[in-house]
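To start, the structure itself, in structure tokens.
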Amino acid sequence: MGSGYESFISIIIPCYNEKKFIDKCLNSILVNDYRKDKMEVLIIDGMSDDGTRYVIEQYMKDYKFIHLLDNAKRHTAVALNIGIKNARGQLILWMSAHNLYEKQYISKCIKYMEEFHADAVGGIIKSLPRNNNFPGKLICIAVSHPFGVGRSLHKIGTRIPQWVDTAFGTCYKREVFQRIGFFNEKLVRGQDMEFSLRLKKAGIKTLLAPDLISYYYTRTHLKSFIKHNFINGLWAILPFKYSNIMPVSLRHLVPLVFVLSLIGFGLLSLINIFCLWALVGILGAYLLLNIYFSIQIAIKEKDLRLFFLIPILFATLHISYGLGSVLGLIKCLISKDFWIKFFKREI
């Protein structure tokens with residue numbers, strides 16, 4: 001093994017009210033094959049009030065390398081920065097309290113980092129339903145399909161290692177933060193996208209490894225699914241208020257353009273027949289693509305019900321995300337800070 005396998009690694013885990021999942025996360029870390037005397041686990045908790053802290057404290061009694069840090073502000077970016085500043089490792093691995101990780105996750109991070117001379121290495125997410133019900137299965141399919149989430153390789157997977165804008169469960173060399181700074185604490189969400197694009201702008205490459213796998217427990221109720229996507233859409237746009245660079249990839253703006261097109265041509269169609277045909281064309285093209293991919297999914301899963309239900313879920317995903325982005329755009333346009341940043345922004 002190369003010298004990297006002897007590196008001390010700090011695992012930082014932002015956490016808030018994760019009583020149902022934190023034990024699964026920690027157990028998956030504990031069974032990892034990396035030497036325990038070469039790691040520390042820093043759980044940065046947003047003052048959880050559901051019993052999460054008690055669970056963590058029980059683990060701390062048995063494992064002295066697990067530590068609990070407080071995050072009074074509760075924002076993920078703040079938690080990450082607290083973890084980075086308190087980390088002792090040459091390598092810093094960001095893990096989610098909501099995920100569980102395969103047995104060789106840590107050692108493979110280091111393997112790929114050495115093999116590809118990468119400064120950051122991350123993996124892919126495989127979605128699992130929180131409740132083993134049919135709606136949960138549908139949601140997992142939608143958020144793992146290219147038509148649902150675009151070319152987000154950390155969600156849809158890849159067969160070979162690739163250089164990407166962003167990955168999940170990323171391991172960084174410490175000097176990455178010394179070079180470009182910390183996570184933007186003004187971002188309630190989207191801090192990972194903005195940080196990854198700063199990495200790219202600085203010439204720091206992120207490698208996505210296909211066999212670096214974690215499992216995420218996704219939402220299984222339609223109401224919470226819609227709310228989650230709406231907020232994600234909102235925070236696909238709000239980072240423009242707080243960043244001097246393009247803070248998201250273009251794919252994150254597609255739902256915004258789609259929903260704005262529907263709204264715009266829908267209103268204009270009341271007074272202009274050509275706008276009505278444009279609206280029909282957009283809806284028709286979207287419907288054909290939706291049906292095409294839904295047929296593929298139904299055949300692959302051998303379940304005829306999916307042909308009727310997956311199109312509805314795809315539309316729900318795209319429109320809720322897009323409406324969130326519309327609200328984010330409105331908030332940006334009425335913000336003085338947005339316009340100041342706009343004229344200073346580096347694309």
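What follows is calculated from the coordinates using simple rules that are stated; it is not laboratory data. Because the structure is a prediction, the values reported are computed rather than measured. All Cβ positions, even for glycine, are placed from backbone atoms using ideal geometry, and neighbour counts span all protein chains on display.
Using C-alpha pairs under 8 Å with a sequence gap of at least 6, the mean separation divided by the residue count of region 170-240 gives a relative contact order of 33 percent.
Each part reduced to its alpha carbon centroid, region 262-306 and region 37-51 end up 45 Å apart.
For the cross-link pairs Lys155/Lys205; Lys108/Lys227; Lys85/Lys155; Lys201/Lys223; Lys111/Lys186, which exceed 26 Å when the distance is taken from alpha carbon to alpha carbon? Those over the limit are Lys108/Lys227; Lys85/Lys155; Lys201/Lys223; Lys111/Lys186. Convex hull volume of the Cα atoms of the chain, normalised per residue: 152 Å³. Charge dipole of region 250-344 (Cα centre as origin; +1 on each Lys and Arg Cβ, -1 on each Asp and Glu Cβ, all else neutral): 320 debye, rounded to the nearest 20.
Classify region 251-339 from the C-alpha gyration tensor, please: rounded if a/c falls under 1.5, else prolate or oblate depending on whether a/b exceeds b/c. Here region 251-339 falls in the oblate category. Each Lys and Arg adds +1 at its Cβ and each Asp and Glu adds -1 at its Cβ; summed about the Cα centre, region 1-85 shows a dipole of about 80 debye.
Counting only DSSP beta bridges with both residues in the chain, the antiparallel share comes to about 30 percent. Which of the pairs Lys126/Lys200; Lys19/Lys126; Lys126/Lys173 have their Cα atoms more than 23 Å apart in this structure? Going by Cα-Cα distance, Lys126/Lys200; Lys126/Lys173 fall outside the 23 Å limit.
How many angstrom separate the Cα center of region 153-229 from the Cα center of region 52-85? About 20 Å separates the Cα centre of region 153-229 from the one of region 52-85.
Rounded to the nearest 10 degrees, the inclination of helix 76-86 to the longest alpha-carbon principal axis of the chain is 20 degrees.
The charge dipole of the chain, taken about its Cα centre with unit charges on the Cβ of Lys, Arg, Asp and Glu (plus for the first two, minus for the last two), comes to roughly 420 debye.
Only helices enter this figure: runs of n ≥ 4 DSSP H residues, each worth -39500 (n - 2.57), summed and divided by the residues of the chain, yield -16000 deg cm²/dmol at 222 nm to the nearest 500. Placing unit charges on each Cβ (+1 for Lys and Arg, -1 for Asp and Glu) gives region 250-344 a dipole about its Cα centre, and among Val254, Ser269, Ile299 the Cα reaching farthest toward its positive end belongs to Val254.
Among the trypsin sites (Lys or Arg not before Pro) within region 248-315, those in coil by DSSP and having at most 16 neighbouring Cβ atoms inside 10 Å are Lys302. Within the chain, the cysteines lacking any other cysteine Cβ closer than 4.7 Å to their own Cβ are Cys15, Cys25, Cys140, Cys275, Cys332. Each Lys or Arg adds one and each Asp or Glu subtracts one; over the other residues with Cβ under 14 Å from the Cβ of Gly181, this totals +3. Between the listed residues Gly51, Ser10, Leu279, the Cα displaced farthest toward the positive end of the dipole of the chain, a dipole computed from Cβ unit charges relative to the Cα centre, is found at Leu279. Using a cutoff of 8 angstrom between alpha carbon atoms and counting only pairs six or more residues apart, the relative contact order for region 250-344 works out to 32 percent.
Between the Cα long axis of helix 52-62 and the first principal axis of the chain there is an angle of about 30°, rounded to the nearest 10. Take every pair of alpha-carbon atoms less than 8 Å apart whose residues are at least six positions apart; their mean separation over the length of region 3-220 yields a relative contact order of 26 percent.
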